[in-house]
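What follows is one structure encoded as structure tokens, with my remarks underneath.
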Amino acid sequence: MAQESQQETAVIDSPKSSDPERALPILPVRDTVLFPHAVLPLTVGRESSVQLINSLGEDKTIVVVAQREARVDTPQPTDLYTVGSLAVVHKVVKMPNQSLFVFAEGLDRVRLAEFTQLTPFMRARVESIPETVLAVTSEIEALQRNVLTLFQQIVAGSPTLSDELSTVATNIDEAGRLVDFIASSLPSLSTSDKQDTLETTDVRVRLEKINQHLAKELEVQQLRNKIQSEVQDRVQQTQREYYLREQMKAIQKELGEQDEGARDTEELRQKIESAGMPDEVKKEALKELGRLSRMSPMAADYSVTRNYIEWLAVLPWAKTSGGDVDILKAKEVLDTDHYDLKKVKDRILDYLSVRRLKPSMKGPILCFVGPPGVGKTSLGKSIARALGRKFVRLSLGGVHDEAEIRGHRRTYIGALPGQIIQGIRRAETKDPVFMLDEIDKVGRDFRGDPGSALLEALDPEQNATFRDNYLDVPFDLSKVLFITTANMLDPVAEPLRDRMEIIELQGYTEEEKTRIAFQYLIPRQIEENGITAEQIEFPEEAIGNIIRHYTREAGVRNLERNIGTVCRKQARRLAEGKHEKLVVTQAIIQEFLGGIKVRSEGEIAERTKRPGVVVGLAWTPAGGDILFVEANTMKGKGGFTMTGQIGQVMQESMQAALTWVRSNAEHLGIAENFFAEHDIHIHVPAGAIPKDGPSAGVTMTTALVSLLTGRTVQPLTAMTGEITLSGNVLPIGGVKEKVLAAKRAGVHDVILPAENKTNVEEDLTPEQLENLDIHYVKTIAEVLDLALPEPSQKLRQDVGKALSAQPVGS
């Protein structure tokens with residue numbers, strides 16, 4: 001082999017081989033650069049390249065040139081770099097797939113000149129590129145040594161490079177040859193970088209370029225080794241822990257002890273056995289426990305499965321409050337905590353009585369509906385105390401996500417059961433009093449409808465098998481006493497409303513508020529503000545003054561707030577050294593609470609002095625209230641204006657009232673052409689507050705008749721009722737709230753539809769009706785007879801003159 005190489009080298013160095021007119025075959029190669037003095041194995045597979053190798057005779061000289069683009073299968077002269085290596089082919093091996101395996105040795109750098117042949121393979125004349133020979137300076141020597149050191153470090157740290165490369169590189173003294181050897185040996189050097197090194201004739205520049213590449217490669221190699229070392233350390237640590245754990249198991253087995261995992265599994269098994277689960281649930285829990293025992297504590301699902309089993313084991317599947325309830329004691333507790341609320345207390349005592357006779361009965365689903373501050377939430381706590389059960393409260397205000405009620409699937413990260421199951425766990429019994437507060441304020445959006453999710457929980461026929469998404473096993477909620485609260489029922493879906501027993505809590509009268517204040521509010525505020533009953537005294541007149549002039553509400557929250565303000569003022573006086581007892585008088589109230597906040601009884605009498613102003617009654621979510629309806633007329637062409645931010649139904653009631661008045665104008669003493677020559681305007685003050693509903697029909701009719709006949713309304717009279725075109729008065733709702741609102745406002749006479757007489761007798765006590773005269777009517781004519789006394793002759797003349805002139809609208 002050595003002898004053959006020497007002979008062929010002699011041929012290359014012969015004058016014939018260096019003839020510039022001689023054209024040499026060109027072998028294009030992909031992703032490869034052959035450097036001088038380097039031997040490179042080449043796989044030749046293209047048909048043109050195979051023909052080139054087969055055409056070589058004794059002269060084995062060729063030119064190896066790299067392609068600019070490796071994807072080009074049939075390269076043309078423009079697809080090749082202009083600089084390549086003159087090479088000699090030492091050996092050719094035929095492969096089974098008809099390709100050739102060629103060993104070529106680079107001899108010298110050459111530049112392609114003119115191409116003399118393109119097919120079947122390319123031939124071209126070449127020019128030898130002389131290498132710039134530099135004098136060996138200390139700078140060149142330092143650069144050469146640095147390059148050699150970097151290369152040796154890379155070879156030492158690389159698992160793919162042979163250590164012999166370091167030895168070969170050390171034995172190369174010439175700087176140019178050293179750069180070429182290193183460039184050809186580095187697998188990380190790209191084809192374009194290798195070609196750039198081949199084309200650079202200045203040895204110093206070549207040294208600097210290869211030095212930069214080597215420094216970068218060494219940095220990448222060190223970083224790669226660091227990453228690999230860290231990964232290997234982690235793997236070794238994991239394996240070490242595994243081996244130690246296995247050894248520990250073996251030792252514990254020899255000693256007859258259990259490992260920590262087995263102890264946990266056994267504890268969970270005992271919890272499952274003692275939880276009193278139904279057979280179906282117990283089977284599922286033991287199945288999951290079996291999976292847990294076979295899992296490694298480091299498994300991803302281990303904590304998820306363990307949490308699930310713990311939830312199943314901790315729930316009170318069979319634990320109840322137990323014990324019979326004394327009905328008389330329960331009644332005493334309810335009466336102690338809350339004043340009045342007879343309907344609610346009767347319903348709870350009925351439930352307790354039935355439960356004593358039939359312990360297996362299902363818990364009722366009660367819904368307390370009423371204005372704020374009447375004691376709905378606190379009543380739930382009182383019921384739990386009377387029953388001797390745990391109390392759980394869940395506020396549904398602003399809840400949008402269905403999963404808050406039914407829980408998330410276990411597949412989600414951080415999944416938990418819904419709030420109902422969580423509440424049962426906190427109660428630690430399966431039959432607590434569960435209050436769902438503010439059920440009318442449940443939200444609904446793209447995450448689901450929590451109101452629909454409550455349908456199963458609040459249905460006595462279904463909640464015995466309530467299935468939470470997280471547990472995915474049935475849980476019996478039939479023994480739970482569910483109590484929901486709401487300010488109004490309109491936002492509650494009809495299917496949900498149908499599942500609940502509605503109990504309405506109306507507002508309190510002034511007398512009831514006074515009793516509540518003395519029994520509950522004043523003692524509580526005295527205690528909370530750090531004073532004693534001997535240091536402050538609230539006379540009954542003072543409490544009545546606060547109720548009438550500083551609060552207008554159905555409940556007692558504002559009343560308690562104002563009482564608390566007075567107590568705090570007394571606490572401040574005591575802190576300042578004034579130790580005398582404070583007796584709360586009207587002057588003290590005005591000093592502590594400011595001027596009167598609510599209009600007095602005199603306002604009704606004052607505003608109803610002129611014709612066309614009538615007091616109506618309205619229902620609001622905060623209880624009842626009075627509203628004024630004012631009518632006026634002016635010269636015009638028969639127009640009818642309605643203002644006061646009134647709804648569509650109320651506008652239609654106004655139209656019906658006007659139609660009835662016009663159709664009965666002759667009987668009422670109104671001129672026939674009056675409506676054609678005048679405009680009428682009806683206004684409901686407090687224009688910023690929306691108003692709607694048909695119950696103000698009689699009020700509007702009375703206002704129109706009062707205006708057009710000049711008859712003022714009977715003082716301190718209020719009315720409510722829906723009117724028909726034929727003059728009949730139809731029943732309305734919210735009777736108790738409206739009557740109590742009238743009484744709070746100082747009204748003496750209330751006109752109601754005759755069909756609402758039953759509501760008054762059932763919902764209102766004689767104490768609440770004290771100082772009130774209730775008048776029941778069937779037609780609008782009866783209303784006018786009660787509300788509008790006959791005017792004097794002089795008043796009729798004055799009204800006639802006023803209507804014939806053009807009055808100024810109010």
**Message:** For segment 88-119: of the residues being outside any strand (DSSP E or B) and touching a helix residue (DSSP H, G or I) at 6+ places or on another chain (Cβ under 9 Å), which is most open to solvent (accessible area, probe 1.4 Å)?
**Reply:** Gln98
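This table checks each residue for (1) under 30 Å from Thr620 (Cα atoms); (2) in a loop (DSSP other than H, G, I, E, B).
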| site | (1), (2) |
| --- | --- |
| Pro372 | yes, yes |
| Gly380 | yes, no |
| Arg389 | no, yes |
| Glu404 | no, no |
| Thr411 | no, yes |
| Ile421 | no, no |
| Phe434 | yes, no |
| Leu455 | yes, no |
**Top-ranked residue in segment 649-688 [being under 55 Å from the mean Cα position of the chain (by Cα) and among the acidic types (Asp, Glu); ranked as farthest from Ile780 (Cα to Cα)]** = Asp679
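Can you pull out the residues in segment 684-715 that are of a type outside the set (S, T, N, Q) and surrounded by fewer than 19 Cβ atoms within 10 Å (Cβ to Cβ)? Outline the logic, then answer.
If we filter segment 684-715 for residues that are of a type outside the set (S, T, N, Q), which is where we start, we get 684-694, 696-698, 700, 703-705, 707-708, 710-711, 713, 715.
Answer for segment 684-715, where residues must be of a type outside the set (S, T, N, Q) and surrounded by fewer than 19 Cβ atoms within 10 Å (Cβ to Cβ): Pro685, Ala686, Gly687, Ala688, Ile689, Pro690, Lys691, Asp692, Gly693, Pro694, Pro715.
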**Asked** Is it true that some residue in segment 242-255 is of a type in the set (Val, Ile, Thr), open to solvent by 60 Å² or more (accessible area, probe 1.4 Å) and in contact with a Ser or Thr (Cβ under 9 Å, 6 or more places away or on another chain)?
**Response** no
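Within segment 601-615, does at least one residue satisfy the condition of being assigned to a loop (DSSP other than H, G, I, E, B), open to solvent by 30 Å² or more (accessible area, probe 1.4 Å) and aliphatic (A, V, I, L, M)? Let's see the steps before the verdict.
Filtering segment 601-615 down to residues assigned to a loop (DSSP other than H, G, I, E, B) leaves 601, 608-612.
When the remaining residues are screened for being open to solvent by 30 Å² or more (accessible area, probe 1.4 Å), the result is 601, 609-611.
Now narrow it down to the ones that are aliphatic (A, V, I, L, M): none.
No, the conditions are met nowhere in segment 601-615.
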**Request:** Say whether the condition of being modelled with pLDDT of 90 or more and open to solvent by less than 30 Å² (accessible area, probe 1.4 Å) is met by at least one residue in segment 636-649.
**Result:** no
**Message:** Looking at segment 42-98 only, could you name the residues that are free of Cβ contacts under 8 Å to residues at least 24 places away in the same chain, farther than 17 Å from Met122 by Cβ and of a type in the set (Val, Ile, Thr)?
**Reply:** Val93
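Is it fair to say Thr160 is β-branched (Val, Ile, Thr) and assigned to a loop (DSSP other than H, G, I, E, B)?
Details: β-branched (Val, Ile, Thr): yes; assigned to a loop (DSSP other than H, G, I, E, B): yes.
When the stated conditions are applied, Thr160 passes them.
Any residue that is touching a Pro at 6+ places or on another chain (Cβ under 8 Å) and of a type in the set (Asp, Glu) - is there at least one of those in segment 654-672?
no
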**Asked** Out of (1) open to solvent by 50 Å² or more (accessible area, probe 1.4 Å); (2) under 15 Å from Leu477 (Cα atoms); (3) at pLDDT 85 or above, what's the single condition that is false for Arg393?
**Response** (2)
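Go through the residues of segment 125-146 one by one and say whether even a single one is closer than 29 Å to Val205 by Cα, in contact with a strand residue (DSSP E or B) (Cβ under 9 Å, 6 or more places away or on another chain) and open to solvent by less than 50 Å² (accessible area, probe 1.4 Å). If you could, list the steps in order and put the result at the bottom.
From segment 125-146, those closer than 29 Å to Val205 by Cα are 125-146; that's our starting set.
Filter again for in contact with a strand residue (DSSP E or B) (Cβ under 9 Å, 6 or more places away or on another chain), leaving 125-132, 134.
Next cut, open to solvent by less than 50 Å² (accessible area, probe 1.4 Å) only: 126, 129.
Scanning segment 125-146 turns up at least one residue that is closer than 29 Å to Val205 by Cα, in contact with a strand residue (DSSP E or B) (Cβ under 9 Å, 6 or more places away or on another chain) and open to solvent by less than 50 Å² (accessible area, probe 1.4 Å).
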**Request:** Starting from segment 204-223, keep only residues that are closer than 16 Å to Thr137 by Cβ and in a helix (DSSP H, G or I), then list their pairs with residues that are aliphatic (A, V, I, L, M) and open to solvent by 60 Å² or more (accessible area, probe 1.4 Å) whose Cβ atoms are within a distance under 9 Å, requiring at least 6 positions of separation or different chains.
**Result:** Arg204/Leu134
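The values are calculated or read from the model by the stated rules, or taken from the named source; none is laboratory data. Here the structure is a predicted model, which means the values were calculated and not measured. Every residue, glycine as well, gets a Cβ built from its backbone with ideal geometry; the counts of neighbours run over all protein chains shown. Only protein heavy atoms, including side chains, enter the accessible area calculation; ligands, DNA and RNA are left aside. Shrake-Rupley method; radii C 1.70, N 1.55, O 1.52, S 1.80 Å.
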